[in-house]
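One structure is given below, encoded as structure tokens.
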Amino acid sequence: MVRKPSLLIVDDEPNVLLTLKLVLEEDGYQISTAGSFAEAEKLMVAVGNFDAILTDLWMEKEDIGLELARSASKLKPRPVIVIFTGYGSPGNARAALGVPVDYFALKPLDVDELKRVLNRLVVANTAERRWQS
Amino acid sequence: MSGWRGTKFALIVHPELRVLAQYQTLLSKNGVTTVVARDLPTALLAITQHYFDIAIVSSQLSEAGDGWPLAGVLHLVFPGSYIGVLVPGADLLTLQSAINSGVQDVYEITQSPQSVVRAVVAAAKLVESNKPSGHLQ
């Protein structure tokens, strides 16, 4: 049986979290959700090995999503990292470029584009993981 | 990865010959073999014929923003390589394009080629040292 790609979605707005969960579950992903940076970090340790981590930028603190992205970028194997935000600025975008983040989306999210990009990134990342192992 | 003789290859894509010549001279001084292209078709042809460790692409080739898809293609074809894009200004949408194209960094066109090449060569060395061993890229 083919394993479903696993996603961790992190946002402090329950409506956004639920909507993304429903939309991406329908697309065949196995979803875990977290409502905060702290909860997401615990899940990354407890569950680990997510294929992709999608996080809001502003939660408990401004730009805390970048901290999560930095933690995620150190994981081996490295998951795809997506940041979405309604508070994009040249400062936080440049910081995201430095992580590096794989995709930076501005709210309101274009869900169809997010699904298309996520599929491409997860497939490419899975292929690279196989190649490396 | 570099060429089989250990030579690093760079692709520079910019519509102005004067700029291409500057970058080619500077990269050659750093031991990098440079291929230049003034337009998209020439750049695509070069991609089919060489392995590039470094690419510096203008975000504007024949019209505003048409360098971004090329940068995205370079990232897909040479995922372990360093890609920098020369931009008119590093605003939010430009930086978003950079992230979403898989680019490592952007350089404003007001920066001197000397400072861009210095930063690119240093960053490319870092990218090289972070590659997993045994990885074929």
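Below is a table of values for the structure above.
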{"item": "The protein assembly as shown: proportion of alpha-carbon pairs further apart than 31 angstrom, %", "result": "29"}
{"item": "Viscosity 0.890 mPa s, temperature 25 °C, Stokes-Einstein D of the range B:8-129 from Kirkwood C-alpha radius, µm²/s", "result": "176"}
{"item": "Residues A:Trp58, B:Trp68, A:Trp131 arranged by fewest to most Cβ contacts within 10 Å", "result": "A:Trp131, A:Trp58, B:Trp68"}
{"item": "For A:Ile9, distant residues with modelled amide H under 5 Å away", "result": "A:Ser32, A:Thr33, A:Ala34, A:Leu54"}
{"item": "For the range B:39-81 and the range A:29-89, distance of Cα centres in Å", "result": "30"}
{"item": "Likely footprinting exposure, A:Val123, A:Val80, fewest C-beta neighbours within 10 Å first", "result": "A:Val123, A:Val80"}
{"item": "Peptide B:60-72, shielding by other chains (average Cβ, 10 Å cutoff)", "result": "0"}
{"item": "Shielding by other protein chains, A:97-105, mean Cβ within 10 Å", "result": "4"}
{"item": "Long-range amide H partners of B:Ala55 with built H, under 5 Å", "result": "B:Leu11, B:Tyr82, B:Ile83, B:Gly84"}
{"item": "Per-residue ³J(HN,Hα) for the range A:57-65, Karplus 6.51 cos²θ - 1.76 cosθ + 1.60, θ = phi - 60°, Hz, x for Gly and Pro", "result": "8, 9, 10, 4, 9, 4, 6, 5, x"}
{"item": "Angle between chain B longest axis and helix B:67-77 axis [Cα atoms, degrees, rounded to 10]", "result": "20"}
{"item": "Partner lysines for A:Lys115 [C-alpha distance under 17 Å; skip if fewer than 8 residues away on the same chain]", "result": "A:Lys4, A:Lys21, A:Lys107"}
{"item": "FRET efficiency, 1/(1 + (r/R0)^6) with R0 30 Å, evaluated for B:Thr7 and B:Arg118 via beta carbons", "result": "0.95"}
{"item": "Computed helical MRE - 222 nm, chain A, DSSP H runs ≥ 4 contributing -39500 (n - 2.57), nearest 500", "result": "-15000 deg cm²/dmol"}
{"item": "Where the Cα pairs of the range A:6-132 fall when distances are cut into 10 Å bins, in %", "result": "13, 50, 34, 3"}
{"item": "Burial ordering of A:Phe104, A:Phe37, fewest other beta-carbon atoms within 10 Å first", "result": "A:Phe37, A:Phe104"}
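Coordinate-derived values only; no laboratory data. Since this is a predicted model, take the numbers as computed values, not measurements. All Cβ positions, even for glycine, are placed from backbone atoms using ideal geometry, and neighbour counts span all protein chains on display.
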